[in-house]
Amino acid sequence: MIGRAIGFLVSWFFRVLGAVFVLSLIWVIAYRFLPPPMTWLMARDSVDGRKVQYTWVPLTAMSRSLPRAVIGAEDANFCYHHGIDFEAVKAAAQANYQGRKLRGGSTISQQTAKNAFLWPGRSYVRKGLEAYFTGLIEIFWGKPRIMEVYLNIVEMGPGIYGMPAASKHYFGTTVDRLSPKQAARLTAILPQPIKRSVVKPSKSVRRYARRIERRVKVVRDEGIDTCLWQ
């Protein structure tokens, strides 16, 4: 009896695991072609009664300064890693160990997986799922789609999601008309869009925006973003 019970539980476990894998695969493939209708953070804001500003725009209809700004600021190796930048993770861990200012090692791919499929948090379960979904989107989406989803759903302020909504909200313009300076200003509030301000940036945010603007030129001149346009 005990052997049968164990066998049943093992069989049930693998069936559930298989079902979860298939459903997650379908979810990822669906988002390869369809805009995510809502993210966990958007749902949270809606429940809290906050108006959600979210407009989907294809990557090809955005200013190229925008992906160049986020690559320069967030993930210089975006076109070269396969979802996880192990060198960045190692550098972040070393900085944290030495007691310097805490740094993150998350790539744009990891941030996209987290924003599109998961809830915010720092648990090992969520980080494990983040790595899992990161691998799936690297396989099934490719770099242009990952960047496209990231730029469209990233949180950019209270109730503001995606660079298209942020462009309209902060600058009164469309995302295809953003200048390198404006793209840098938007990117400079990441990864703390609630604490940092685009409209009234602190001195440190203004300095950071100027550095990002210079990096936009470096990314362009050195072809660091070529994976997005091939």
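The values are calculated or read from the model by the stated rules, or taken from the named source; none is laboratory data. Small disclaimer: the values here were computed from a predicted structure and weren't measured. Every residue, glycine among them, receives a Cβ derived from its backbone with ideal geometry; neighbour counts consider all protein chains shown. Just the protein is used for accessible areas: all its heavy atoms, side chains included, with ligands, DNA and RNA removed. Shrake-Rupley method; radii C 1.70, N 1.55, O 1.52, S 1.80 Å.
Key figures for this structure:
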read-out	value
Among residues of region 13-39, those that are in contact (Cβ under 8 Å) with a residue 40 or more places away in the chain, over 23 Å from residue 175 (Cβ atoms) and among the aromatic types (Phe, Trp, Tyr), counted	1
Tally, over region 81-131, of residues that are surrounded by 14 or more Cβ atoms within 10 Å (Cβ to Cβ), among the β-branched types (Val, Ile, Thr) and modelled with pLDDT of 85 or more	4
Residue match in region 61-71 (condition: in contact with a strand residue (DSSP E or B) (Cβ under 8 Å, 6 or more places away or on another chain) and either surrounded by fewer than 10 Cβ atoms within 10 Å (Cβ to Cβ) or more than 27 Å from residue 131 (Cα to Cα) (or both))	no
Whichever residue in region 179-230 is aliphatic (A, V, I, L, M) and open to solvent by 50 Å² or more (accessible area, probe 1.4 Å) and, among such residues, is modelled with the highest pLDDT	218
Candidate set: region 121-161, residues that are part of a loop (DSSP other than H, G, I, E, B) and closer than 27 Å to residue 48 by Cα; chosen: the one nearest to the chain's Cα centre (by Cα)	154
Index of the failed condition, residue 176 passing every other in (1) part of a helix (DSSP H, G or I); (2) within 22 Å of residue 76 (Cβ to Cβ); (3) open to solvent by 10 Å² or more (accessible area, probe 1.4 Å)	(2)
Identity of the residue in region 187-230, closer than 24 Å to residue 61 by Cα and small (Gly, Ala, Ser), that ends up nearest to the chain's Cα centre (by Cα)	188
Pick from region 104-145, criterion without any contact (Cβ under 8 Å) to a residue 24 or more places away in the chain and β-branched (Val, Ile, Thr), ranking: farthest from residue 44 (Cα to Cα)	139
The one condition in (1) closer than 25 Å to residue 47 by Cα; (2) free of Cβ contacts under 8 Å to residues at least 40 places away in the same chain; (3) open to solvent by less than 10 Å² (accessible area, probe 1.4 Å) that residue 152 fails to fulfil	(2)
